[in-house]
1. In the stretch 1-46, what residues are assigned to a strand (DSSP E or B) and within 13 Å of the chain's Cα centre (by Cα)?
2. For residues that are more than 19 Å from residue 6 (Cβ to Cβ), out of contact with any strand residue (DSSP E or B) (no Cβ under 7 Å at 6 or more places or on another chain) and not small (Gly, Ala, Ser), tally how many sit in the stretch 23-74.
3. Could you tell me whether the stretch 19-26 includes any residue that is farther than 16 Å from residue 69 by Cα and among the hydroxyl-bearing types (Ser, Thr, Tyr)?
4. Can you name every residue in the stretch 47-89 that is of a type outside the set (S, T, N, Q), at pLDDT 80 or above, in contact with a helix residue (DSSP H, G or I) (Cβ under 6 Å, 6 or more places away or on another chain) and part of a helix (DSSP H, G or I)?
5. Pairs please, first residue from the stretch 48-63 and of a type in the set (Val, Ile, Thr), second anywhere and modelled with pLDDT under 85 and surrounded by fewer than 14 Cβ atoms within 10 Å (Cβ to Cβ), Cβ atoms under 6 Å, 6+ apart in sequence or on different chains.
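The values are calculated or read from the model by the stated rules, or taken from the named source; none is laboratory data. Being a predicted model, the structure only gives us computed values, none of them experimental. Counting neighbours? That spans all protein chains shown, and the Cβs are built from the backbone with ideal geometry, glycine included.
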Amino acid sequence: MRASLILDRDTASRLGLTTTTIDNTLYDSFGQRQISTMFTQVNQYHVILEVDPRFQQNPSNLNDVYITPSTSGITSSTRHELERDRHNK
């Protein structure tokens, strides 16, 4: 899947979201992040974090990604603001 996103930095900042947090969340959701390496006597195995591939195929699945501000949890007012901004664009 290939998609272009437009980031409203003012709204993101108001909601306590940094561009790094947004980037990391999207990469965790749609990329392949190595999160660990397991070692055995003979081999090593890379542990990869990725979402189920069926959720990576359709850009509409971006609507199901929730990003939590790194300093506090997502609050009901933050969730309401995200929904309002999504519907007003």
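1. 33
2. Count: 17.
3. No.
4. 55 - this is the single residue of the stretch 47-89 that is of a type outside the set (S, T, N, Q), at pLDDT 80 or above, in contact with a helix residue (DSSP H, G or I) (Cβ under 6 Å, 6 or more places away or on another chain) and part of a helix (DSSP H, G or I).
5. What qualifies is 48/32.
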